[in-house]
Amino acid sequence: MTARLSVHVARLGVAGQPLVQDLSLDVPGGTVHTLMGASWSGKSSLLAAICGTAAPAVHFEGSVTLDGQRVDGWSTRRRRIGILFQDDLLFAHMTVRENLLFAAPAGARATRERAVQEALRDLELPGFADA
């Protein structure tokens, strides 16, 4: 199931420096979007605010909703919003399967393995588990 993400930024700043004001985004589920801008324009801070991983120096005034439910007060884990960065952040000494298992929620090994296999199928990469 894919959720619609809506973000409204009244103000976003870092250490007192304003970066983004009056921005609204509506991202339909199952779509891919790119956020581009100059260095120090607030891209990473905005994404961190959406995901709930913003550093204490980031000041965010606005709202983040999934399917109309406000989630900006939720923990990062509960939001289940992720970011795909342009640079990979994988453990080079681990296989694709091991990297995915590392990121998978805690639970029974068999359940986690099924989730990894499903993710690889969804991404049309089933043959890459051991790469």
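Quick look at the values:
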{"read-out": "Relative contact order for region 4-131, counting Cα pairs under 8 Å that sit 6 or more residues apart, in percent", "value": "21"}
{"read-out": "Among Gln17, Gln117, Gln69, residue whose mean-square fluctuation peaks in a GNM of the chain (springs only between Cα atoms under 10 Å)", "value": "Gln117"}
{"read-out": "Calculated [θ] (222 nm, deg cm²/dmol) that DSSP helices of n ≥ 4 give over the chain, each run adding -39,500 (n - 2.57)", "value": "-7500 deg cm²/dmol"}
{"read-out": "Candidates Leu12, Leu46, Leu101: whichever shows maximal mean-square fluctuation once the chain is modelled as a Gaussian network with Cα springs under 10 Å", "value": "Leu101"}
{"read-out": "Relative contact order [Cα under 8 Å, 6+ residues apart], region 62-131, whole percent", "value": "22"}
{"read-out": "Order of exposure, largest accessible area first, which applies to Phe102, Phe85 with probe 1.4 Å", "value": "Phe102, Phe85"}
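The values are calculated or read from the model by the stated rules, or taken from the named source; none is laboratory data. A quick note: this is a predicted structure, and the numbers were derived from the prediction, not measured. SASA here: full protein model, heavy atoms, side chains in, ligands and nucleic acids out. Shrake-Rupley method; radii C 1.70, N 1.55, O 1.52, S 1.80 Å.
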